[in-house]
Amino acid sequence: MSYISFDKHQLVNLEYSLNKELLRVNRNGSHSCTTLIHCNTRKYHGLLVCPVPNIDDKKHVLLSTLDETIEQHGEHFNLGLHQFEGQNFSPKGHKYIREYTLAPLPKRTYNVGGVIFSKESLYATDKDCAIVKYTLEEAHSKTKLIIKPYLAFRDVHSLSKANDYVNKSFETIDSGIRTRMYDTYPHLYMQVSKNAEYKHNPDWYYNIEYQKELDRGYDGLEDLYVPGTFEVDIKKGESIYFSVGLEEISKPQTTLKKMFSAEAKSRIPRNNFEDCLKDSALKFFIKNENGTNVVAGHPWFGARSRDTFIALPGLTLAVGDKKLCKEVLDSLVEKLHNGWFPDDPCAREKTYSGVDTQLWFFWALQQYAYQTKTQNKIWKQYGNAMVSILNMYKHGSHYHVHMLPNGLIYGGDEKQPLTWMNATPEGVAVTPRTGFAVEVNALWYNAVMFAIETAKLAKDTNKVISRASTTNIAVAEALEATNFVNEWEPLMQNFPAVFKEMFWSKEKGYLADCVNGGHKDFSVRPNQIFATALPYSPISERISQLVLEKNRQELLTSRGLRTLSPKDENYKSVYEGNRLQRDTAYHQGTVWVWLLQFFAEGYLKIYGDSRLDFIENLYHGFEQTISEYCIGTIAEIYDGDPPHRPKGAISQAWSVGALLRINQIIETYKAKQ
């Protein structure tokens with residue numbers, strides 16, 4: 001029995017099944033995404049969605065979907081399902097679905113009269129190719145399978161519209177065809193593992209409706225192009241493989257079966273909650289000419305440096321993949337520019353606006369160093385990057401980012417929010433947080449102290465020697481480390497006292513979220529929680545305890561931490577509506593999973609084993625969510641009010657990473673018992 005499965009009664013209920021999505025991803029940054037019953041409800045859905053570098057940096061939907069039809073005795077049973085304008089569904093093939101199972105591969109089983117027919121699909125790991133396996137499990141008469149591809153050939157943020165300049169030509173290849181709708185695109189190769197008859201009958205299907213886009217306040221109508229159909233006889237017990245990709249597959253009659261079997265064997269078995277998280281973690285990594293990077297979330301986000309650093313320890317170290325962690329760190333260090341990491345490390349046109357992003361790099365590097373026990377090597381490998389970053393803050397940079405003589409970091413622009421709370425609907429920042437942000441300064445202290453730690457470990461002599469007077473590399477590095485410590489250690493000696501004076505309120509019992517001029521913003525937000533969890537914390541245990549208790553009382557939910565207390569007049573309980581409404585709620589009460597790892601870590605630092613059960617219950621409470629939204633993974637955000645419905649991106653890197661890291665923290669405490 002599959003760990004996750006759905007029966008006929010659930011699947012035929014469109015209100016239920018259309019709200020559950022499936023996702024497959026490869027290492028090239030491509031994806032396949034749809035709903036449980038293969039009816040697309042988003043413009044981001046598609047069977048083959050790939051980057052097209054010669055056009056732009058975006059992903060493009062090439063193949064939207066496939067419709068399958070079973071033919072027996074001249075009767076046709078169409079297994080497809082589309083929503084057309086006005087919520088009209090056709091041809092309602094979902095009524096034939098009998099069962100859906102997740103493991104070892106996504107598999108739908110159909111019952112059409114006396115025919116039992118199954119469909120399994122996977123995405124190739126290292127190439128842009130989707131393979132579908134069709135099996136006729138039961139039949140009492142001659143059966144034919146008809147496959148109809150729906151093409152879009154447009155970027156994921158747009159919609160296809162019928163036109164007269166589409167290229168309707170095709171070329172015959174081994175057991176299939178190649179075609180492309182527009183000359184600027186690569187060819188799409190569609191091949192079958194058995195001799196099939198391709199019938200060319202180009203046509204448009206109009207006004208296919210994407211309900212999720214309409215719900216989000218966007219245009220949701222699309223026209224899709226069908227070049228023709230593939231028809232092939234299929235016998236009882238026989239499996240036929242259909243591939244669609246950007247390269248021709250040699251000898252598909254034998255190769256497709258071998259490819260499918262090899263890919264299937266390489267998958268992580270999703271037989272329990274932790275295995276689902278591990279499998280999901282792999283879906284965020286892309287390897288290409290930009291190095292190894294992390295996609296922030298599926299299906300519409302690209303790579304983000306801030307999200308990468310926050311998600312990385314959970315996605316890699318928590319599952320034992322230290323090499324992958326270092327690959328990502330090294331890829332991003334190569335993109336460091338004037339002490340800043342780019343917002344999107346893969347974008348052609350780089351922007352730099354994350355005041356905290358560089359400091360999250362120190363935290364991620366710190367986790368790597370501690371878990372690999374390589375603190376003594378960090379300075380030699382990453383010292384130049386660390387010094388470049390710290391000097392940027394110290395000497396000042398754009399957006400008014402600079403360090404005060406007392407060591408605190410100021411930054412911000414009313415029009416350009418610099419922290420992770422950066423929603424700007426209609427160009428206006430919802431939470432500008434200009435000035436001294438509490439988490440930025442807590443992260444700053446941790447970063448400088450970690451740099452000092454690694455610099456001290458790198459010192460192999462106490463003698464002060466001029467760099468110019470020695471050719472000994474080890475001595476020169478030791479001198480460099482010594483000079484760094486002498487320069488930076490005095491700056492941090494009084495920092496905890498300065499931090500406390502700036503942010504702490506004894507009367508309120510928690511930390512200010514942001515301070516600007518004479519105004520201290522004491523809105524109850526989760527940004528203060530990082531100070532309780534960081535390896536180098538600027539606050540005392542007593543203040544940590546009070547901060548944690550305030551967060552537990554007003555922000556903690558079963559799905560993470562709210563971004564604003566429900567007691568605040570600006571609190572938004574539900575994330576829904578058009579873009580303006582959603583962006584307004586994004587950081588005004590919406591629940592974020594990634595924050596939970598820092599609450600858990602800070603909480604256990606204070607209470608230890610006595611509260612381990614409490615944290616375990618929070619972690620295991622997420623198990624039910626992996627069959628609620630996108631099957632087998634964790635959503636970006638949740639509503640602030642119960643029942644805390646999943647919202648936003650269907651699979652988010654720092655959400656998955658946070659839960660994997662919480663599990664690692666739990667196991668570490670258990671090992672000490």
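Relative to the Cα centre, what is the charge dipole magnitude of the range 1-110, using +1 at the beta carbon of each Lys and Arg, -1 at the beta carbon of each Asp and Glu, and rounding to the nearest 20 debye?
With Lys and Arg at +1 and Asp and Glu at -1, about 320 debye.
Report the equivalent ellipsoid semi-axes for the range 1-150 in whole Å, largest first, defined as the square roots of five times the eigenvalues of the gyration tensor built from alpha carbon atoms.
Calculated on Cα positions only, the semi-axes equal 26, 17, 16 Å.
Using a simple charge model, +1 on the beta-carbon of Lys and Arg, -1 on the beta-carbon of Asp and Glu, nothing else, what dipole does the range 314-397 show about its Cα centre, in debye to the nearest 20? Walk me through the numbers on the way to the answer.
Working: 10 positive and 8 negative charges, 79 e Å.
The calculation lands at about 380 debye.
What are the radius of gyration and Dmax of the range 34-116, computed over its Cα atoms and given in Å?
15.5, 49
Excluding THR357 itself, what net charge comes from residues whose Cβ is under 10 Å from its Cβ, given Lys and Arg +1 and Asp and Glu -1?
With Lys, Arg at +1 and Asp, Glu at -1, the net is -1.
Which GluC sites (Glu not before Pro) from the range 243-316 combine a DSSP loop assignment with at most 12 other Cβ atoms within 10 Å?
On the way: sites: GLU247, GLU248, GLU263, GLU274, GLU289; in loops: GLU247, GLU248, GLU289.
Counting only loop positions with at most 12 other Cβ atoms within 10 Å, the GluC sites (Glu not before Pro) in the range 243-316 are GLU289.
Can you give the calculated 222 nm mean residue ellipticity of the chain, where each DSSP H run of n ≥ 4 adds -39,500 (n - 2.57) and the sum is split over every residue, rounded to the nearest 500 deg cm²/dmol?
The helix contribution divided over the chain gives -10000 deg cm²/dmol.
Order MET181, MET259 by their accessible area, 1.4 angstrom probe, all chains in place, largest first.
Most to least solvent-accessible, the answer reads MET259, MET181.
Before I look further, what does the chain give for accessible area per residue, probe 1.4 Å, in whole square angstrom?
The answer is 39 Å² per residue.
For THR557, enumerate residues with amide H under 5 Å from its amide H, sequence gap 5+ or separate chain, H modeled in the peptide plane.
Hits under the 5 Å cutoff: ARG562.
Ignoring ligands, DNA and RNA, what percent of the accessible area of the range 120-261 is carbon or sulfur (1.4 Å)?
Exposed carbon and sulfur together represent 45 percent of the surface.
Using only the Cα atoms of the range 267-424, each taken as one equal point scatterer with no solvent, compute I(q) by the Debye sum, divide by I(0), and report log10 of the ratio at q = 0.09, 0.17 Å⁻¹.
-0.32, -1.05
Which listed residue (GLY354, SER261, TYR185) has the Cα farthest towards the positive end of the charge dipole for the chain, taking +1 on Lys and Arg C-beta and -1 on Asp and Glu C-beta about the Cα centre?
Sorting the options by dipole projection puts first SER261.
Using amide H atoms built 1.01 Å from N in the peptide plane, name the residues 5+ places from GLU137, or on other chains, whose amide H lies under 5 Å from its own.
Correct list: ILE116, PHE117, SER118, GLY237.
May I ask for the Kirkwood hydrodynamic radius of the range 297-378, worked out over all distinct Cα pairs and given in angstroms to one decimal?
Computed over Cα pairs of the range 297-378, the Kirkwood hydrodynamic radius comes out at 13.1 Å.
Could you please put LYS43, LYS161 in sequence from largest to smallest accessible area, using a 1.4 Å probe?
Result of the area sort, largest leading: LYS161, LYS43.
With Kirkwood radius over Cα pairs in Å in mind, check [x] 26.9; [y] 32.8; [z] 29.4 and report the label derived from this structure.
Correct label is [x].
Starting at the first residue of the range 164-176, write each ³J(HN,Hα) from the Karplus equation 6.51 cos²θ - 1.76 cosθ + 1.60 with θ = phi - 60°, in whole Hz, x for Gly and Pro.
Here the 3J(HN,Hα) series is 9, 9, 5, 7, 9, 7, 8, 10, 7, 10, 4, 6, x Hz.
Enumerate the calculated ³J(HN,Hα) couplings along the range 351-357 in order (Karplus 6.51 cos²θ - 1.76 cosθ + 1.60, θ = phi - 60°), each rounded to whole Hz, writing x wherever the residue is Gly or Pro.
10, 9, 9, x, 5, 9, 4
Could you please put ARG552, ARG645 in sequence from largest to smallest accessible area, using a 1.4 Å probe? Provide the component values of the computation, followed by the final result.
On the way: ARG552 90, ARG645 140 Å².
The ordering from most to least exposed comes out as ARG645, ARG552.
Take each of the peptides 527-533, 319-325, average the number of other beta-carbon atoms within 10 Å over its residues, and list them starting from the highest.
Listed from highest to lowest mean packing, they are 527-533, 319-325.
If you project the alpha carbons of the range 146-232 onto their three principal axes, what span does each projection cover, largest first, in Å?
45, 27, 19
Using the eigenvalues of the Cα gyration tensor, what equivalent ellipsoid semi-axes result for the range 531-588 when each is taken as the square root of five times the eigenvalue, whole Å, largest first? Provide the component values of the computation, followed by the final result.
Values: eigenvalues 160, 29, 18 Å².
Working through the eigenvalues yields semi-axes of 28, 12, 9 Å.
Does the range 578-635 classify as rounded, prolate or oblate by the C-alpha gyration tensor (a ≥ b ≥ c root eigenvalues; a/c under 1.5 gives rounded; else a/b over b/c gives prolate, otherwise oblate)?
Verdict is oblate for the range 578-635.
By its C-alpha gyration tensor, with a ≥ b ≥ c as the square roots of the eigenvalues, how is the range 495-622 shaped: rounded for a/c under 1.5, else prolate for a/b larger than b/c, else oblate?
oblate
Give the long-range amide H neighbours of LEU188: residues separated by 5 or more places, or on another chain, with amide H under 5 Å away, using H modelled in the peptide plane at 1.01 Å from N.
THR179, ARG180
How large, in percent, is the carbon and sulfur part of the accessible surface of the range 572-662 at a probe radius of 1.4 Å?
That share works out to 44 percent.
So, with +1 on the Cβ of K and R and -1 on the Cβ of D and E, and no other charges, what is the size of the charge dipole of the chain about its Cα centre, to the nearest 20 debye?
1220 debye
Assuming 0.36 nm per residue, please report the length gained on full extension of the stretch LYS500 to ASP413 beyond their Cα-Cα distance.
Here the answer is 28.9 nm.
Where Rh denotes the Kirkwood radius from the mean inverse Cα pair distance, what is Rg over Rh for the range 100-150? Display every interim value, and only then the final one.
On the way: Rg = 12.9 Å, Rh = 12.5 Å.
Radius of gyration over Kirkwood radius for the range 100-150 works out to 1.03.
Explain nothing, just compute: Karplus ³J(HN,Hα) = 6.51 cos²θ - 1.76 cosθ + 1.60, θ = phi - 60°, for every residue of the range 632-644 in order, whole Hz, x for Gly and Pro.
Those phi angles translate into x, 8, 10, 6, 5, 9, 9, 4, x, 9, x, x, 6 Hz.
The values are calculated or read from the model by the stated rules, or taken from the named source; none is laboratory data. Predicted model only: the values in this text are computed from it and were never measured. All Cβ positions, even for glycine, are placed from backbone atoms using ideal geometry, and neighbour counts span all protein chains on display. Quick note on the areas: whole protein, heavy atoms, side chains included, nothing else; ligands and nucleic acids left out. Shrake-Rupley method; radii C 1.70, N 1.55, O 1.52, S 1.80 Å.
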